[in-house]
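The values are calculated or read from the model by the stated rules, or taken from the named source; none is laboratory data. This structure is a prediction, so every number in the text was calculated from the model and none was measured. When we count neighbours, we look across all protein chains shown, and the Cβ atoms used for this are built from the backbone with ideal geometry, even at glycine. Note: accessible area is taken over every heavy atom of the protein model, side chains too, but ligands, DNA and RNA are not part of it. Shrake-Rupley method; radii C 1.70, N 1.55, O 1.52, S 1.80 Å.
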Amino acid sequence: MSKEIYLTGITTTGTPHLGNYVGAIKPAIEASKNKNNQCFYFLADYHALIKCQDPALVRQSRMEIAATWLALGLDVDTSVFYRQSDIPEIQELNWILSCVAAKGLLNRAHAYKALVAENETSGTKDPDKGITMGLFCYPVLMAADILMFNANKVPVGKDQIQHIEMTRDIAARFNHIYGEFFTLPEAQVEESAAVLSGLDGRKMSKSYNNTIPLFAPEKKLRKLIMKIKTNSLEPGEPKDHKTCTLFQIYSAFSSSSEVEKMRQQYADGIAWGEMKQTLFEKLNNELSAPRERYESLMEQPPRIEEILLAGRDQARARAKPLLEQLREAVGIA
Ligand code: TRP
């Protein structure tokens, strides 16, 4: 039986936080342990340039994200782990796909439309003000990432579903013109993966500045947890677990029997201070071993580099023959 090709990319902007871990990294590492899957996980550093024009930050984030996956136990002997920018074939495919992708399709991308709408409401004359070609063409590069390896399953968050649909559209168009080269990928949305709330109760997201870094040092972790917003109910007063950020984060890291017990403690009126301490201990327990590995990896950039270069070789060994066929198909070879 041929394996499912699982592929996903992580844009290398910012420091990984608890929300990234629970929503994306953890399920992806679990999927990589299934022998029926061949996983391709990569650092989408060219995508990062769309959002971030600070070279030091791009570099730093790329290291941090690579170290995070490795510290959490991604097995690079069975999964292919690489940097997008190390695979020149992806850029070449990007252009080939650009030449079949309809501009009208990209006009409909949510991210692009949202920026145009912002310009329009702010009364700016140019609806495309501040919008780069990189942002506009973002979905084509993403299609190249996916189609280069003929992935069939792409685990992503809900906000990325439209990009996978566009990838299918672009792939189908290419296949129609040049022959059946591409598999049409499917988005794999982890319905069960929790979307974590952040310090202020809104979705945990870098753009809200309300995140808890996954590998914050112990003291910092404790401090951040103590900052999570709660209501002013006193100890002994019953509390609603359903709307509580502390409870939600606790649940994402606990077994169902632990969650059940905690629900009872809420009904019994657990004090916020005690709950925060419990949550801190829970997280610190789960994260202290990978945090140590993370810190050690961050001190060994050459070790990370070596792993990424081995991943590059594996990825290119797959990409080159397909690109050769594609070049042939379009009449460039
Ligand atoms: N756009 C994705 C995100 O921001 C990252 C990404 C880039 C990606 N290329 C991809 C995800 C290919 C899946 C497949 O989350």
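May I ask which residue of PRO217, TRP95, MET148 lies farthest towards the positive end of the charge dipole of the chain, with charges of +1 (Lys, Arg) and -1 (Asp, Glu) on Cβ and the Cα centre as origin?
PRO217
Roughly how much of GLU234 is accessible, in Å² to the nearest 10, using a 1.4 Å probe?
Estimated to the nearest 10 Å², GLU234 gives 110 Å².
Per DSSP H run of n ≥ 4, the term is -39500 (n - 2.57); total these for the chain, divide by its residue number, and report the mean residue ellipticity at 222 nm rounded to 500 deg cm²/dmol.
Numbers: 13 runs with 179 residues, N = 333.
Calculated mean residue ellipticity at 222 nm is -17500 deg cm²/dmol.
Would you mind getting the accessible area per residue of region 230-297, heavy atoms of the protein chains only, 1.4 Å probe, in Å²? Write down the numbers at each step before the final one.
Working: 3550 Å² over 68 residues.
Result: 52 Å² per residue.
Quick check on packing: order 79-87, 27-35 by the mean number of other C-beta atoms within 10 Å, highest mean leading. If you can, show how the numbers build up before the last one.
Numbers: 79-87: 22.1, 27-35: 16.0.
Ranked by mean Cβ neighbours within 10 Å, highest first: 79-87, 27-35.
Which order do peptides 139-149, 201-211 fall in by mean Cβ count within 10 Å, highest first?
Highest to lowest by the protection proxy: 139-149, 201-211.
Treat every Asp and Glu Cβ in the chain as -1 and every Lys and Arg Cβ as +1, leave all other atoms uncharged, and give the resulting dipole magnitude about the Cα centre to the nearest 20 debye. Can you show the working numbers first?
Numbers: 40 positive and 41 negative charges, 85 e Å.
Charge dipole of the chain: 420 debye, to the nearest 20.
Round to a whole number: what % of the accessible area of the chain belongs to carbon and sulfur, probe 1.4 Å?
Values: 8510 of 16920 Å².
C and S fraction of accessible area: 50 percent.
Taking Cα pairs under 8 Å and at least six residues apart, what relative contact order does region 1-97 come out at, in percent?
Values: 105 pairs, mean separation 35.5, N = 97.
Relative contact order of region 1-97: 37 percent.
Which order do the peptides 288-295, 120-127 take when ranked by the mean count of other beta-carbon atoms within 10 Å per residue, highest first? Show your work: numbers first, answer last.
Values: 288-295: 15.2, 120-127: 9.1.
Most protected by this proxy first, the peptides run 288-295, 120-127.
GLU260 versus SER232, label points 7 Å from Cα toward the beta carbon: distance in nm?
Spacing of the two 7 Å Cα→Cβ label points: 3.7 nm.
Which distance in Å, rounded to a whole number, links the C-alpha centroids of region 258-287 and region 48-99?
Going from one Cα centre to the other spans 37 Å.
Sequence neighbours fewer than 8 away in the same chain don't count; with that in mind, list the lysines whose C-alpha is under 19 Å from LYS51.
LYS113, LYS129, LYS206
What distance in nm separates the two pseudo spin-label positions at PHE181 and LYS35, each 7 Å out from Cα along the beta-carbon direction?
Taking the two extended label points, one gets 3.5 nm.
Could you do me a favour and compute the accessible area per residue for region 1-104, 1.4 Å probe, result in Å²? Don't skip to the end; give the middle numbers.
On the way: 4320 Å² over 104 residues.
That works out to 42 Å² per residue.
Report the charge-dipole magnitude of region 102-239 in Debye, nearest 20, computed about the Cα centre from +1 at each Lys and Arg Cβ and -1 at each Asp and Glu Cβ.
Numbers: 19 positive and 16 negative charges, 114 e Å.
That gives region 102-239 a dipole magnitude of about 540 debye.
At 0.36 nm per residue, and after removing the present C-alpha to C-alpha distance, how many nm does the segment from ILE304 to THR124 gain when stretched out fully?
On the way: separation 180, 0.36 × 180 = 64.80 nm, distance 4.52 nm.
Answer, rounded to one decimal: 60.3 nm.
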